[in-house]
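Trainee: My questions all concern the structure below.
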Amino acid sequence: MEDPKPAKPRRDFLFIATGAVAAIGVAAVAKPLVGQWSPAGDTVAKYGLDVDLSKLQAGEQILVHVVGRPVAIRYRTPAEIAAAQADDDADMIDPATDRSRLRPKPDGSFDPRFLVFVPICTHFGCFVVGEAGDFDGWYCPCHGAHFDTSGRVRKPPAPTNMAIPPYKWVSDTVISIAYLNPS
Ligand code: FES
């Protein structure tokens, strides 16, 4: 007899679609990509949710949900990457280089175009607004924290940078986001 419960990969796809819609409505940063997004071929990864980024364009961002936790992936423009790297040595509330917020690809290289992060303000947990704020990164409308294009907090009251979820590149275009909480 057939199992009436939907398979796990199908549920993951629905989370992706829902997340993309939420990104459009809440953060006004995503473009209508719902029809183009689908899980990578093998979504039953032991590690987590696989997301194929090959169709993402510069300046676009998607939102997925991994076990209920939102994770945003932004394809940063050259200007956003340059701004993030140029500020590596700037005074910061929670110092971190842009490189430290990326993860290596299987060949050991880093691709600064893709920033994977939890788009939640670290003050009291509001969703941030993209392409906004004094550093053209993200802005928290709740109490006014500003984040740069690396997701680093640059103006309080947020005490720390936006979290980087545990994830890894599993190919040149696919990341796998772990079914775990950010550390
Ligand atoms: S929740 Fe973001 S600044 Fe307070």
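Trainee: Of the residues that make up the range 120-127, is at least one away from the ligand (no atom under 12 Å from the Cβ), surrounded by 15 or more Cβ atoms within 10 Å (Cβ to Cβ) and of a type in the set (S, T, N, Q)?
Mentor: Keep residues of the range 120-127 that are away from the ligand (no atom under 12 Å from the Cβ), which gives none.
No, the range 120-127 has no match at all.
Trainee: I'm trying to understand the selection: among the residues of the range 78-119, which are open to solvent by less than 70 Å² (accessible area, probe 1.4 Å), polar (S, T, N, Q) and not in a loop (DSSP other than H, G, I, E, B)?
Mentor: Within the range 78-119, just Ser100 meets the criteria.
Trainee: Hey, another quick one. Name the residues in the range 113-136 that are in contact with a Ser or Thr (Cβ under 9 Å, 6 or more places away or on another chain) and farther than 22 Å from His65 by Cβ, would you?
Mentor: Once the filter is applied, which keeps residues that are in contact with a Ser or Thr (Cβ under 9 Å, 6 or more places away or on another chain) and farther than 22 Å from His65 by Cβ, the range 113-136 yields Arg113, Phe135, Asp136.
Trainee: For Phe127, which of the numbered conditions (1) under 18 Å from Leu49 (Cβ atoms); (2) modelled with pLDDT of 95 or more fails to hold?
Mentor: (1)
Trainee: Continuing with the same structure: Being in contact (Cβ under 8 Å) with a residue 60 or more places away in the chain and either surrounded by 22 or more Cβ atoms within 10 Å (Cβ to Cβ) or not hydrophobic (A, V, I, L, M, F, W, C) (or both) is the filter here; which residues of the range 51-72 pass it?
Mentor: Listed by number, the residues that qualify are Val51, Asp52, Ser54, Gln61, Val64, Val66, Arg69, Val71.
Trainee: Can you tell me which residues in the range 137-183 are acidic (Asp, Glu) and either in a strand (DSSP E or B) or crowded, with 17+ Cβ neighbours inside 10 Å (or both)?
Mentor: Here is the first cut: in the range 137-183, the ones acidic (Asp, Glu) are 148, 172.
Across the range 137-183, the qualifying residue is only Asp148.
Trainee: Does the range 62-74 include one or more residues that are assigned to a loop (DSSP other than H, G, I, E, B), closer than 14 Å to Thr149 by Cα and touching a strand residue (DSSP E or B) at 6+ places or on another chain (Cβ under 8 Å)?
Mentor: Keep residues of the range 62-74 that are assigned to a loop (DSSP other than H, G, I, E, B), which gives 67-68.
Of the ones still in play, those that are also closer than 14 Å to Thr149 by Cα are none.
So far as the range 62-74 goes, no, none of its residues is assigned to a loop (DSSP other than H, G, I, E, B), closer than 14 Å to Thr149 by Cα and touching a strand residue (DSSP E or B) at 6+ places or on another chain (Cβ under 8 Å).
The values are calculated or read from the model by the stated rules, or taken from the named source; none is laboratory data. Just so it is clear, the structure is predicted and the values come from calculations on it, not from any experiment. Methodologically, a virtual Cβ is constructed for each residue, glycine included, from the backbone with ideal geometry; neighbour enumeration extends over all protein chains shown. SASA here: full protein model, heavy atoms, side chains in, ligands and nucleic acids out. Shrake-Rupley method; radii C 1.70, N 1.55, O 1.52, S 1.80 Å.
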